[in-house]
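**Q** My structure is below; once you've seen it, I'll send some questions.
The values are calculated or read from the model by the stated rules, or taken from the named source; none is laboratory data. Bear in mind that the values here come from a model prediction, so they are computed numbers and not experimental data. So basically every Cβ, Gly included, is an ideal-geometry build from the backbone, and we count neighbours across all protein chains shown. These area figures cover heavy atoms from the full protein model, side chains too; ligands, DNA and RNA do not enter into them. Shrake-Rupley method; radii C 1.70, N 1.55, O 1.52, S 1.80 Å.
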Amino acid sequence: MDTENLTYQQLLTENEDLKEKLADKSETKSDVAINKEMYQGLFEILDAGIVIHAGDSSVISCNPKAAELLGLDHDQIKGLKANDKFWHFVDDKKRVLSLPDYPVNKILKERRPIKGIVLGIHQIESGTITWCLVNGFPVFNDQNQISEIVISFVDISESKNANDIRAQNERKFRSLVENNEGIISLINRDFIAFYRSPSSARITGWTNEEYDLVSSIDYIHPDDINLVRTKMSEALINPDVNIPLTLRVKHKLGHYLFMEGVLTNKLDDPFINGIIVNLRDVSERINAEQKFERISRLYLFNNVLDQRIIHSHDERVLFKDVCKVAVDIGKFRMAWIGIIDENTKALLPVEFAGAESG
């Protein structure tokens, strides 16, 4: 028999054959001894870790591969129970595995085999994780009580690590795509960008190289800098929360663009490790809204002005009201009214309101 290529399933098959032969009264003692020796040989060379527990979860025996994977020698492992401090298991998300989820405890509780569980064995000294595919089954005695639990560990670190890298790349890409409505940037906790989507250059005119040379004071509208700082601080203390933001950024040609979007703190996500800044250009919409607002103000201003002219009987009071309405409703910074002096032909201010009032 080619013992070098034996699988865990083959070992189980050999074990069942041995049990049947031991139960057969006609089997000679020499045959039994030979089969026990073969079983032990298979157990020792199997390229999968095998740990045999008693019904109280204590370890009865393990093979060399199990000791290698668990980072302990045979004498250290033997007699250990599930609740001993030497076990350091993590789940496939690298979270510490709870005691009830240990393979031996799951079998003891559920009284049935487990199959295809992925867990990591955390080597505390080196900080590394050995990823294993875990299977196991209970052995019952004549009273239908669990007398032994057999657990197998197959090292899948190479494929698991490769899958993790691929999943990391896919997740990063998906995060960018799912949040993409224009410009996507990833910034660190110091608010320094380490990624900008290609659309950024098309929208703002700045290439990545040029953007790196532009300070935030020059890039962000001066009136919006404090707002941006406040929003960034809010994002830092609220991980995974979309923080809305509207600001103006300078185009390479010198004019400002209205940008609208969200900040999302993903600094605690090991696959992203940054703050996602997701902005879209809304200049056309906001400019149209502002234009409509100006027209509406002028319309209202004209209506109010007409009413004041119709109902006013005092010229100076009317002049004062007109200036005040122009500033308060028309939103002019300043308004004034002058009268031409008939003698000098000079324009003489008689009423004003707004910026010059102070």
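**Q** Applying the selection to region 43-57, what residues are touching a helix residue (DSSP H, G or I) at 6+ places or on another chain (Cβ under 6 Å), outside any loop (DSSP other than H, G, I, E, B) and under 23 Å from E110 (Cα atoms)? Show your work before the answer.
**A** So in region 43-57, the residues touching a helix residue (DSSP H, G or I) at 6+ places or on another chain (Cβ under 6 Å) come out as 45-46, 48-51, 53, 57.
From what is left, the residues that are outside any loop (DSSP other than H, G, I, E, B) are 45, 49-51, 53.
Within region 43-57, G49, I50, V51, H53 meet the criteria.
**Q** Anything in region 112-137 that is in contact with a strand residue (DSSP E or B) (Cβ under 7 Å, 6 or more places away or on another chain), of a type in the set (A, V, I, L, M) and farther than 15 Å from N163 by Cβ? List them, or say none.
**A** Within region 112-137, I114, I117, I121, V134 qualify.
**Q** Taking into account only those residues within region 58-90 that are part of a strand (DSSP E or B) and in contact with a helix residue (DSSP H, G or I) (Cβ under 7 Å, 6 or more places away or on another chain), which is nearest to P100 (Cα to Cα)? Before you say what the answer is, go through the steps one by one.
**A** Looking only at region 58-90, we keep the residues that are part of a strand (DSSP E or B), and these are 59-62, 89-90.
Filter again for in contact with a helix residue (DSSP H, G or I) (Cβ under 7 Å, 6 or more places away or on another chain), leaving 59, 62.
Values: V59: 17, C62: 21 Å.
The qualifying residue nearest to P100 (Cα to Cα) is V59.
**Q** While we're looking at this one, here's another question. So which of I192, I217, I187 is within 20 Å of L257 (Cβ to Cβ) and loosely packed, with under 15 Cβ neighbours inside 10 Å? Lay out the reasoning, then the answer.
**A** Numbers: I192 fails: within 20 Å of L257 (Cβ to Cβ); I187 fails: loosely packed, with under 15 Cβ neighbours inside 10 Å.
Of the residues listed, the single one that is within 20 Å of L257 (Cβ to Cβ) and loosely packed, with under 15 Cβ neighbours inside 10 Å is I217.
**Q** Just checking, which of Q76, Q143 is of a type in the set (S, T, N, Q) and either open to solvent by less than 30 Å² (accessible area, probe 1.4 Å) or modelled with pLDDT under 90 (or both)? Walk me through how you get there before you give the answer.
**A** Details: Q143 fails: either open to solvent by less than 30 Å² (accessible area, probe 1.4 Å) or modelled with pLDDT under 90 (or both).
That would be Q76, the only listed residue that is of a type in the set (S, T, N, Q) and either open to solvent by less than 30 Å² (accessible area, probe 1.4 Å) or modelled with pLDDT under 90 (or both).
**Q** Residues in region 124-140 that are closer than 21 Å to C62 by Cα and either modelled with pLDDT of 95 or more or charged (D, E, K, R) (or both): how many?
**A** Residues meeting the conditions: 0.
**Q** Consider I107 against the criteria (1) surrounded by 14 or more Cβ atoms within 10 Å (Cβ to Cβ); (2) free of Cβ contacts under 8 Å to residues at least 12 places away in the same chain: it satisfies all of them except one. Which criterion is unmet?
**A** (2)
**Q** Which residue pairs have Cβ atoms closer than 6 Å, lie 6 or more positions apart in sequence or on different chains, and pair a first residue in region 326-340 that is among the hydrophobic types (A, V, I, L, M, F, W, C) with a second residue that is part of a helix (DSSP H, G or I) and open to solvent by 40 Å² or more (accessible area, probe 1.4 Å)?
**A** Qualifying pairs under 6 Å: I329/L300; M334/A355; M334/E356.
**Q** What strands (runs of 3 or more DSSP E), lying completely within region 266-358, carry at least 2 residues that are hydrophobic (A, V, I, L, M, F, W, C), over 30 Å from I192 (Cβ atoms) and open to solvent by 100 Å² or more (accessible area, probe 1.4 Å)?
**A** 334-340
**Q** From the list N302, N273, pick out the single residue that is under 30 Å from I184 (Cβ atoms) and not aliphatic (A, V, I, L, M). Before you say what the answer is, go through the steps one by one.
**A** Details: N302 fails: under 30 Å from I184 (Cβ atoms).
Matching residue, one of N302, N273: N273.
**Q** Being free of Cβ contacts under 8 Å to residues at least 24 places away in the same chain, polar (S, T, N, Q) and more than 28 Å from A167 (Cα to Cα) narrows it down to one residue among S296, S283, S216; which is it?
**A** Values: S283 fails: free of Cβ contacts under 8 Å to residues at least 24 places away in the same chain; S216 fails: free of Cβ contacts under 8 Å to residues at least 24 places away in the same chain.
After ruling out the rest, the residue left standing is S296.
**Q** Turning to a different aspect of this structure: Quick one: in region 79-104, of everything that is open to solvent by less than 70 Å² (accessible area, probe 1.4 Å) and farther than 28 Å from P270 by Cβ, which residue is farthest from the chain's Cα centre (by Cα)?
**A** My answer is G79.
Per-residue answers, yes or no, for (1) at pLDDT 90 or above; (2) within 45 Å of the chain's Cα centre (by Cα); (3) farther than 20 Å from F352 by Cα:
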site	(1), (2), (3)
H251	yes, yes, yes
D268	yes, yes, yes
R294	no, yes, yes
Y299	no, no, yes
Q307	no, no, no
L318	no, no, no
D321	no, no, no
K324	no, no, no
I329	no, no, no
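**Q** Condition first: open to solvent by 40 Å² or more (accessible area, probe 1.4 Å) and closer than 28 Å to L245 by Cβ. Can you find one or more residues in region 150-168 that meet it?
**A** Yes, region 150-168 contains a residue that is open to solvent by 40 Å² or more (accessible area, probe 1.4 Å) and closer than 28 Å to L245 by Cβ.
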